[in-house]
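Chemist: Before anything else, here's the structure in question.
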Amino acid sequence: MMENIDLLVVNWSRLQFALTSMYHWLFVPLTLGLTFIIAIMETIYVRTGNPEWKKITKFWMKLFGINFAIGVATGIILEFEFGTNWSNYSWFVGDIFGAPLAIEGIMAFFMESTFIAIMFFGWNKVSKGFHLTASWLTAIGANLSALWILVANAWMQNPVGMHFNPDTARNEMGNFWDVLFSPTAINKFLHTVSSGYVLAAIFVIGISAWFILKKREIIFAKRSILVASIFGLIMSIFLIITGDESAREVARVQPMKFAAMEGMYDGQANAPLIAIGLMEKVNPDTSNLKEKDFAFKIEIPNMLSYMAFLDPRAYVPGIKDLVRGNEEQGIISYYERIRRGKIAISTLAAYKDAVNSNDTEKAAELRAKFEDPDWVNTYFKNFGYGYYDDPAKLIPNVPVSFYSFHLMVILGGLFLIIFILSTIYSFRDKLEKKRWFLYLALWSIPLTYIAGMAGWLLAEMGRQPWVIQDLMPTIAAVTRIEASSVQITFWLFAVAFTILAIAEYRIMLTQIKKGPKDGGQ
């Protein structure tokens, strides 16, 4: 089956989608968090009537507006790529994946766009209360947009609430609420948006720290830091909680990703969590599984077992357990899952042949299998494995998964420390004396983007080779087009996005340098 696949098209399509996604994620998280910070600041203005808070609100609102426009542009291109580069994927699951995207376009994006106009142009034209309502609804709308996209992504990581129709070779939605409220979707949404809130809070603190270092707009900066510190501290704790829940969900539905993000080849009970580690190749690699070992590591005893199953004695399967199987732990090998997947694929092909040759009796017999829960659970559940012969190709890039996970966690810990310190220094009015902290806050702004990218690297690279977990590998999802077509659009997008990103950052820097008096009024 692999011989019919143009890997050049697959690789360039993946690269193009990754490029678009990464540029999109440069802008989205700031939008998600900054809207709520702005709404909080405006609420203080409405309640106190202090014009200083109006000035503060309008300054951050201008930066939000610049960022929002570019984020929308890159997001629209992402949706087009599902049709241009991933048409097989769109056919296979369009009946499910299309619904959240459609809801996003109709409800959330419409709501967001409507109230953002009032938010920017409604000052002194509508009442304070109405304007404040528009600001809050803009924040809610922006996050509702994220909800539907993240529900769609979560479904790809854990496909639920659907059934397969062999007549159309498509997966169809069986229960919308199962898709919307799956534990994977809930954790994906809460963890992702809270990471955006943390990023926005660090952004506000960092920019405000710059003003204090320059001895400009001191009152504006201190008040901005106070709001962002409290907001960021609460959201940072929430981020840790949702991250913990997400890890447990990954261990349940994507055990290979969980093993890869800990670099765990041999499963064990009382599994320790590696706090810090440096991976190296195993020579010779007798396992033929691209095995890695640790040249250096610091472990926390039993913590991985507890993190995965809330039991410090629980057995956590390693990569070798999943590939070779572990009868004692009830784990089916990838060899067996490949065999079952090939049966599912051949059964579908035989059904199509029977239908085309008008062999109604055989067609009815084969179709009944796709309605049989036991057969579906045994064979169709492993449909995607049937595309492979070598189980080693079902293992994600372990070093990328391991380092991106640990980098994300370490930076998350740093941000929590920054929020604690900024809150303490704000209440004690010692920010101006802590210049080292102000520099730390300023230079932490790019670190928040690195942490966000690391999270997405783990989420997307760690689930490879799947575009839909266990059902459809990436190699089967691409459009059958010339690789040169994807290469041309890749470079066009790369140039366009780079120009847009540079333009946005130059505009943002100009507005920041002007400060709230010139830029915020």
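Chemist: Distance cut-off 29 Å, Cα to Cα: go down the list K352/K381; K320/K362; K128/K514; K362/K393; K128/K214; K257/K362 and report the pairs above it.
Modeler: Too far apart for the 29 Å limit: K320/K362; K362/K393; K128/K214; K257/K362.
Chemist: If you take the square roots of the eigenvalues of the alpha-carbon gyration tensor of the chain and sort them as a ≥ b ≥ c, do you get rounded (a/c under 1.5), prolate (a/b over b/c) or oblate? Numbers along the way, then the final one.
Modeler: Numbers: a/c = 2.23, a/b = 1.58, b/c = 1.41.
Prolate.
Chemist: Determine the relative contact order of region 280-408: mean sequence separation of Cα pairs under 8 Å and six or more apart, normalised by residue count, in whole percent.
Modeler: 22
Chemist: For the chain, what is the accessible area per residue in Å², given a 1.4 Å probe and the full set of protein chains? Could the numbers behind the result be given before it?
Modeler: Values: 23230 Å² over 521 residues.
Normalised by residue count, the accessible surface of the chain is 45 Å².
Chemist: With a ≥ b ≥ c the root eigenvalues of the C-alpha gyration tensor of region 142-287, is it rounded (a/c under 1.5), prolate (a/b larger than b/c) or oblate?
Modeler: Verdict is oblate for region 142-287.
Chemist: For K222, list the aspartates and glutamates whose Cα falls under 20 Å from its own Cα; do not include residues on the same chain fewer than 8 positions away.
Modeler: List returned: E42, E52, D429, E432, D518.
Chemist: Once Lys and Arg get +1 and Asp and Glu get -1 on their Cβ, which of S346, N283, V409 lies farthest toward the positive end of the dipole of region 283-442?
Modeler: V409
Chemist: Using 1/(1 + (r/R0)^6) with R0 = 45 angstrom and r between the beta carbons of V126 and A496, what's the FRET efficiency to the nearest 0.05?
Modeler: About 0.80, to the nearest 0.05.
Chemist: Helix 51-84 versus the longest principal axis of the chain: what is the Cα-based angle in degrees, 0 to 90, to the nearest 10?
Modeler: Orientation of helix 51-84: about 20 degrees from the principal axis.
Chemist: If packing is taken as the mean number of other Cβ atoms within 10 Å per residue, what is the order of 183-190, 226-233, 501-508, 283-290, highest first?
Modeler: 226-233, 183-190, 501-508, 283-290
Chemist: Which order do the peptides 70-77, 197-204 take when ranked by the mean count of other beta-carbon atoms within 10 Å per residue, highest first?
Modeler: Highest to lowest by the protection proxy: 197-204, 70-77.
Chemist: Then there is this: Between Y335 and I76, what is the FRET efficiency for a Förster distance of 56 Å, r being their Cβ-Cβ separation, to the nearest 0.05?
Modeler: Numbers: r = 43 Å, r/R0 = 0.77.
Taking R0 as 56 Å, the efficiency between Y335 and I76 is 0.85.
Chemist: So what is the relative contact order of region 1-131, in percent, for Cα pairs below 8 Å that sit 6 or more residues apart?
Modeler: Relative contact order, region 1-131: 26 percent.
Chemist: Would you kindly calculate the translational diffusion coefficient of region 46-178, applying Stokes-Einstein with the Kirkwood radius from alpha carbon pairs, for 10 °C and a viscosity of 1.306 mPa s, and quote it in µm² s⁻¹ without decimals?
Modeler: Numbers: Rh = 17.2 Å.
Answer from the Stokes-Einstein relation: 93 µm²/s.
Chemist: Just from its helices, what would the mean residue ellipticity at 222 nm be for the chain, if runs of 4 or more DSSP H residues each count -39500 (n - 2.57) and the sum is divided by every residue, rounded to the nearest 500 deg cm²/dmol?
Modeler: Roughly -24000 deg cm²/dmol at 222 nm, from the helical runs in the chain.
Chemist: Next up: Relative contact order of the chain: what whole-number percent is it, with Cα pairs under 8 angstrom and at least 6 residues apart?
Modeler: So the answer I get is 21 percent.
Chemist: Another one. Between region 321-355 and region 169-223, what is the separation of their alpha carbon centroids in Å?
Modeler: After rounding, the separation between the Cα centres reads 40 Å.
Chemist: While we're on this one: State the extension gain, in nm to one decimal, for the chain segment bounded by D372 and V355, taking 0.36 nm per residue of separation less the distance between their alpha-carbons.
Modeler: Residue separation times 0.36 nm, minus the Cα-Cα distance, leaves 4.2 nm.
Chemist: A further question follows. Given a 1.4 angstrom probe, I'd like the percentage of the accessible area of region 12-156 that is carbon and sulfur, rounded to a whole number. Let's see the in-between values first.
Modeler: Values: 4020 of 5380 Å².
Solvent-exposed carbon and sulfur of region 12-156 make up 75 percent of the total.
The values are calculated or read from the model by the stated rules, or taken from the named source; none is laboratory data. Just so we're clear, the structure is a prediction, and the values are computed from it rather than from any experiment. Virtual Cβ from ideal backbone geometry, glycine too; neighbours counted across all protein chains shown. We work out accessible area using only protein heavy atoms, side chains counted, and drop any ligands, DNA or RNA first. Shrake-Rupley method; radii C 1.70, N 1.55, O 1.52, S 1.80 Å.
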